[in-house]
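Here is the structure we will look at, set down as structure tokens.
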Amino acid sequence: MKDWSAARVAAAAEARIVAAGPAGVVGGPRRVVIDSRTVAAGDLFVGLAGANTDGGRFFDDALAAGAWGVLGTSSHLERVAAAPAGVLLAAENPLLALGMLARAWRRELAASVVAITGSTGKTSTKDILAALLAPALTTIASPLNRNTEIGVPLAILAAPPGTQALVLELAMRGTGQIAELTAICEPDVGVIVNVGPAHLELLGSLEAIAAAKGELLDGLAAGATAVVPAREPLLDRFLRADLEIVRFGDGGEVRVLSAVPEGVTIALGDQRVTLEPGFRSAHLLSDLCAALAAARALGVVPSGSLDVAFSGLRGDRLSLPGGVLVVNDCYNANPMSMRAALEELALTAPGRRVAVIGDMLELGAREERRYHRELGQQAQAAGVALLITVGSRAAWAGESFRGGEHLHARDAIEAASLLRPRLAPGDTVLVKGSRGVALERVAEELGRG
């Protein structure tokens, strides 16, 4: 937005100019930030109210750091020094203003936008799609966990001029949130990776979860492309006649035909595409199909080698002495992703299989015992020889596990201390649980030796 005037920024955000700043403030901001500690010269600082503090309290600090301007409520702007060093923009709801500013920038970019949601695998699908598009289009993908009502606008606003493809991840923690994010990013392609029992505690049923994901399809403009699982009847009622519908997975037009060491062959409608990805697990191949469907909608049909940089804590591999491999897959967990991770462990571990699993949160009191007990049975079916459970809910998985040795730990540090003396050469260790359990500490402790 460097070329945007203060008036244009204000109009896009539906904000009011309180002060235009000194004569030296020309053009628009170079970037938009919400953390006053990161403000640099030329930034627009948006003061958002958080759980612990209100960003509007730091307007003077931001301006002193060289901010192009600040955007926030009038009450905070009144406390700014009488001769402000930058542009002051007032908005009754700064978060809403941030979203409107992002939508205006999305339109200015004229990039093709792909929005991805799902109960599990949306980040992996985003990473795969970015890798598929990058050789053909100038592609920007939302970084880290910028998938919320704050993160999505920031991801859009960080896209530079000249961006041709913008790949965004949309998170959901309640009814109406996907609709809100869809209205901001106005996708050309909407991808729903799957519908599963994540956030059951919040939404109560799979039907309600499907409805929340379906908000993405509801928000697509006529003529847009909807990419959906081939066998997911819960989404059928959202598939409008004015959308281009592409189904992926078994029974869909985009599906895996063969997966051998030499490559993966995928049916892409009437075409056959052969790729050489660095993965063969079933859940990632499903994500690959979804990503390929989205890429084709943007006119990109790739082939050959595919190098994907997956986001952190999603299958990170740590090699330890003795040929021990730790798979650090603890960014989050739900019944679908846990099952997929255990299936991959069974398929890929050359030696003994070890699993450190933590609580799966947000399943609701009615369902959490059942899903955790099923998890213990899945670990047994995967041939896990040593299972370490972490947390009160994961203990239920231990109760149903009959495959080998089971130990229980109160936290990640105790789990690491139990695991370390029991590791044997050639072990493959899966570490997975919900973020609230902080199981990444297991890998950190083991890495210290």
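Numbers for the structure displayed
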{"read-out": "Matching residues in segment 284-311 - criterion: being assigned to a helix (DSSP H, G or I) and either in contact (Cβ under 8 Å) with a residue 60 or more places away in the chain or in contact with a helix residue (DSSP H, G or I) (Cβ under 6 Å, 6 or more places away or on another chain) (or both)", "value": "284, 286, 287, 288, 290, 291, 292, 293, 294, 295, 297"}
{"read-out": "Test: residue in segment 36-52 that is of a type in the set (Asp, Glu), outside any loop (DSSP other than H, G, I, E, B) and under 30 Å from residue 165 (Cβ atoms)", "value": "yes"}
{"read-out": "Residue within segment 60-77 that is more than 23 Å from residue 177 (Cβ to Cβ), in a helix (DSSP H, G or I) and polar (S, T, N, Q) present", "value": "yes"}
{"read-out": "Tally of residues being surrounded by 24 or more Cβ atoms within 10 Å (Cβ to Cβ) and either within 15 Å of residue 147 (Cβ to Cβ) or in contact with a Pro (Cβ under 6 Å, 6 or more places away or on another chain) (or both) across segment 87-101", "value": "1"}
{"read-out": "Near pairs, Cβ below 7 angstrom, 6+ apart or cross-chain, from segment 93-115 (assigned to a loop (DSSP other than H, G, I, E, B)) to any residue that is surrounded by fewer than 21 Cβ atoms within 10 Å (Cβ to Cβ)", "value": "111/163; 111/164"}
{"read-out": "Conditions (1) under 26 Å from residue 209 (Cα atoms); (2) in contact (Cβ under 8 Å) with a residue 24 or more places away in the chain; number of the one not met by residue 386", "value": "(1)"}
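Residue-wise test of (1) of a type outside the set (D, E, K, R); (2) in contact with a Lys or Arg (Cβ under 8 Å, 6 or more places away or on another chain); (3) farther than 20 Å from residue 120 by Cβ; (4) at pLDDT 95 or above.
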| site | (1), (2), (3), (4) |
| --- | --- |
| 383 | yes, yes, yes, yes |
| 388 | yes, no, yes, yes |
| 394 | yes, no, no, yes |
| 404 | yes, no, yes, no |
| 418 | yes, no, yes, yes |
| 422 | no, no, yes, yes |
| 430 | yes, yes, no, yes |
| 439 | yes, yes, no, no |
| 445 | no, yes, yes, no |
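The values are calculated or read from the model by the stated rules, or taken from the named source; none is laboratory data. Everything numeric in this text was worked out from a predicted model, so none of it was measured. Heads up, the Cβs are rebuilt from the backbone with ideal geometry, glycines too, and the neighbour counts pull from every protein chain shown.
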